[in-house]
Amino acid sequence: MATPVNTVAAGGIAVVDVTATLPKMGAPVSEALPGKGIAVTKVAALGVPVTFVADVGGGGAPAWEPDDLGAALKSWWKADAGVTLSGANATAVVDQSGNGKTLVNVGVVPFNATGLNGRPAFDFVAVNNAGLKATGYTVLGTSGAGSAFIVGQMKAGTATNGGAVSYSADANNFQDYNLPGAAIWMARDGANNAIGSMRNSIALAKSTVPMATNFRFGSIFDGVNNITYLNNVAGTPVAFAAPWSSTGVCLLVVGSRATSNNVTPGACWDGLIAEVVITNTALSLAERNSLDDYFTGKYGI
């Protein structure tokens, strides 16, 4: 048996002397690992060879990022890329999906360079009645299926109904959560300290979230059921009677419930949002796990 080592070059093979199980993988395993000095600490058995195909310790690119979702990726906004600032406030956020849906500010949206576990985040303050919006946004295709995921935090306080991600699908509709099925409509559910996907003003599918605690939250509609995920743990499936989105042009807002043309005063997010990923498909189990691993590795939560 080879002697266990502490370091290995990209492309090399090391025998790692540990006994736990590498999450979601068996042994032997070959995995493209993120860079930035990540150490492998879990392998399925003593003496299992691990082939390193990323630049371990060299700051290489992560093995998986949301753009690996391909055409399914509708929008991807994050606080550590493509952000325009005016003083300490965010005024624009470039869509990293390549689909060109830049978010622009409505009101004051503070930017916190180290707000979420030392990483940048948008620090929404409910009383600011502010948000980030993308106009001319076509939510999804005709299938009605889709997914929305965020990394964030809810502040403890009096704000009880703030929207995290939302859209208004018709200039004549005040708030799209009154239309059938809105899994992309992610908002705090009153005093229940939960985030849910909204329909008819009620968070039908939801997950309870501790206050002032960083979290990963997502909502997936597969054409029949809507399921929320808190830190990759599924909530109870809820059947929606109709597709959850409009196929028309609309307004999408991060940090507030949307109206026909703006944010909704009194219904704005109170807390942090560091990253938003929206797809026009229901993520598969493998895709959801990859996205969650990406969030976990990046934000340490």
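The values are calculated or read from the model by the stated rules, or taken from the named source; none is laboratory data. Only a predicted model underlies this, so the values are computations on that prediction, with no experimental measurement involved. Cβ: placed from backbone, ideal geometry, glycine included. Neighbour counts: every protein chain shown.
For this structure, a couple of remarks:
- Asn232 meets all of the listed conditions (1) within 19 Å of the chain's Cα centre (by Cα); (2) at pLDDT below 65; (3) surrounded by fewer than 23 Cβ atoms within 10 Å (Cβ to Cβ); (4) of a type in the set (S, T, N, Q) but one, namely (2).
- Hey, Gly115 more than 26 Å from Leu230 (Cα to Cα), modelled with pLDDT of 90 or more and either in contact with a strand residue (DSSP E or B) (Cβ under 6 Å, 6 or more places away or on another chain) or part of a loop (DSSP other than H, G, I, E, B) (or both) or not: no
- Subset of the stretch 118-144 (residues that are in a loop (DSSP other than H, G, I, E, B) and at pLDDT 80 or above): Gly118, Val125, Asn129, Ala130
- Taking the stretch 94-119 as the range and being closer than 22 Å to Gly157 by Cα, out of contact with any helix residue (DSSP H, G or I) (no Cβ under 9 Å at 6 or more places or on another chain) and crowded, with 20+ Cβ neighbours inside 10 Å as the test, the residues that pass are Phe111, Gly115.
- Of the residues making up the stretch 74-93, those that are modelled with pLDDT of 95 or more, among the small types (Gly, Ala, Ser) and surrounded by 14 or more Cβ atoms within 10 Å (Cβ to Cβ) are Ala79, Gly82, Ala90, Ala92.
- Reported count of residues in the stretch 276-301, each being loosely packed, with under 15 Cβ neighbours inside 10 Å and assigned to a loop (DSSP other than H, G, I, E, B), is 2.
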